[in-house]
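The values are calculated or read from the model by the stated rules, or taken from the named source; none is laboratory data. Remember, predicted model here, so these are calculated numbers, not experimental data. Note that each Cβ is placed from the backbone with ideal geometry, even for glycine, and that neighbours are counted across all protein chains shown. What goes into the accessible areas is simple: the full protein's heavy atoms, side chains included, and nothing from ligands, DNA or RNA. Shrake-Rupley method; radii C 1.70, N 1.55, O 1.52, S 1.80 Å.
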Amino acid sequence: MADDIKFKHVMPIQIRFSDVDLYGHMNNNAYFALYDLAKTSYFRDVFGTEEWNKFAVVVANINADFLAPVFFSDELIIETAVVHVGNKSLTLLQRATNKASGVLKCQCRTVLVGYDVATKEPVQLSKAYKEAICNYEEKTLAELSSQNL
């Protein structure tokens with residue numbers, strides 16, 4: 001799934017003591033908190049520090065593939081890319097990788113839907129947001145709209 005994706009956003013992650021379970025590896029729940037941190041950083045980079053917190057989306061679907069255990073001593077990075085843009089939604093692909101070995105530990109696909117906080121209804125993603133994502137990802141809207149991941 002991620003072999004042909006160029007991840008421009010890479011965020012180093014510090015594994016916390018509370019992320020590790022009794023078996024000595026990172027608990028699966030901890031990945032989602034780390035992915036959320038990377039999502040926030042990604043959108044701040046894409047939209048800028050003033051505009052990113054106006055970007056209202058909600059999670060419609062999230063799927064993770066846990067491929068190999070992460071241990072407390074691992075140096076982890078989270079890579080993030082938008083891989084699809086629709087009218088009301090976009091799909092993020094994120095992956096957790098051991099920085100030293102390059103081993104892919106987990107990958108996550110999240111569908112986010114545009115959301116109007118006042119009406120509590122789904123809304124179309126604005127043209128400006130779509131353009132900002134395309135510029136950051138260095139892809140056209142046609143390329144991001146046609147990808148079927």
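Of these, Ala60, Ala96, which one is touching a Pro at 6+ places or on another chain (Cβ under 9 Å) and touching a residue at least 40 places away in the same chain (Cβ under 8 Å)?
The match here is Ala60.
Out of the residues in region 99-118 that are touching a residue at least 40 places away in the same chain (Cβ under 8 Å) and basic (Lys, Arg), which is least open to solvent (accessible area, probe 1.4 Å)?
Filtering region 99-118 for residues that are touching a residue at least 40 places away in the same chain (Cβ under 8 Å) and basic (Lys, Arg), the one least open to solvent (accessible area, probe 1.4 Å) comes out as Arg109.
Anything in region 1-29 that is closer than 16 Å to Glu79 by Cα and either assigned to a strand (DSSP E or B) or open to solvent by less than 70 Å² (accessible area, probe 1.4 Å) (or both)? List them, or say none.
Passing the criteria: Ala2, Ile5, Phe7, His9, Val10, Met11, Pro12, Ile13, Ile15.
Given the options Glu121, Glu138, Glu131, name the one that is of a type in the set (Asp, Glu), in contact with a Leu (Cβ under 8 Å, 6 or more places away or on another chain) and open to solvent by 50 Å² or more (accessible area, probe 1.4 Å).
Glu131
Residues in region 32-48: is at least one over 10 Å from the mean Cα position of the chain (by Cα) and hydroxyl-bearing (Ser, Thr, Tyr)?
Checking region 32-48: not a single residue is over 10 Å from the mean Cα position of the chain (by Cα) and hydroxyl-bearing (Ser, Thr, Tyr).
With (1) touching a residue at least 60 places away in the same chain (Cβ under 8 Å); (2) within 15 Å of the chain's Cα centre (by Cα) as the list, and Glu75 as the residue in question, which single condition is left unmet?
(2)
How many residues does region 75-90 contain that are part of a strand (DSSP E or B) and either of a type outside the set (S, T, N, Q) or open to solvent by 10 Å² or more (accessible area, probe 1.4 Å) (or both)?
Of the residues in that region, 11 qualify.
Are any of the residues in region 49-68 under 21 Å from Tyr136 (Cα atoms), modelled with pLDDT of 95 or more and open to solvent by less than 30 Å² (accessible area, probe 1.4 Å)?
no
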